[in-house]
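> For reference, the structure I am asking about is given below.
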Amino acid sequence: DCDHTIDSFKCIDVVSVYDGDTIKVNIEGIHRYFGEKIGVRVSNIDSAEKWGKAPCERDMAELARRYVVHRINLAQDITRIELRKAKRDKYFRI
């Protein structure tokens with residue numbers, strides 16, 4: 001069942017992982033201008049920044065990115081990925 005609601009999207013395809021708290025997704029059944037390669041900022045997660053000033057911050061950002069890739073790969077093997085309580089932020093990310 002891939003029916004979306006007003007604030008939740010089901011059957012999400014993760015396209016890429018930017019860092020530990022930002023991914024890009026395709027949302028099935030949504031027009032491509034709004035549903036393809038859409039940035040998603042995971043709420044309540046604050047990851048190290050990929051473009052941080054300190055080398056140790058960039059290293060931690062890469063570790064966080066790899067962890068998220070691993071977890072998403074596990075989830076995609078087991079179940080569908082969903083976005084819940086979705087809303088837009090100031091950068092138009094979900």
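The values are calculated or read from the model by the stated rules, or taken from the named source; none is laboratory data. Given the structure is predicted, the values throughout are model-derived calculations rather than measurements. Positions of Cβ are generated from backbone atoms using ideal geometry, with glycine treated the same way; all protein chains shown enter the neighbour counts. These area figures cover heavy atoms from the full protein model, side chains too; ligands, DNA and RNA do not enter into them. Shrake-Rupley method; radii C 1.70, N 1.55, O 1.52, S 1.80 Å.
> Mind listing whichever residues of the range 38-50 are open to solvent by 60 Å² or more (accessible area, probe 1.4 Å) and more than 9 Å from the chain's Cα centre (by Cα)?
Matches in the range 38-50: SER43, ASN44, ILE45, ASP46, GLU49, LYS50.
> Something else: Within the set of pairs 6+ apart or on separate chains, which have a first residue in the range 47-66 that is in contact (Cβ under 8 Å) with a residue 40 or more places away in the chain, a second that is in a loop (DSSP other than H, G, I, E, B) and open to solvent by 60 Å² or more (accessible area, probe 1.4 Å), and C-beta atoms under 7 Å apart?
Listed by first residue and then by second, the contacts come to ALA61/GLU49; ALA61/LYS50.
> Would you be able to say whether some residue in the range 51-58 is open to solvent by less than 90 Å² (accessible area, probe 1.4 Å), under 17 Å from ARG93 (Cβ atoms) and either hydroxyl-bearing (Ser, Thr, Tyr) or at pLDDT below 90 (or both)?
No, the range 51-58 contains no residue that is open to solvent by less than 90 Å² (accessible area, probe 1.4 Å), under 17 Å from ARG93 (Cβ atoms) and either hydroxyl-bearing (Ser, Thr, Tyr) or at pLDDT below 90 (or both).
> I need a count of the residues in the range 12-37 that are among the aromatic types (Phe, Trp, Tyr) and either in a helix (DSSP H, G or I) or loosely packed, with under 14 Cβ neighbours inside 10 Å (or both).
2
> Based on what the data block shows, is TYR91 assigned to a loop (DSSP other than H, G, I, E, B), open to solvent by 70 Å² or more (accessible area, probe 1.4 Å) and either at negative phi or aromatic (Phe, Trp, Tyr) (or both)?
yes
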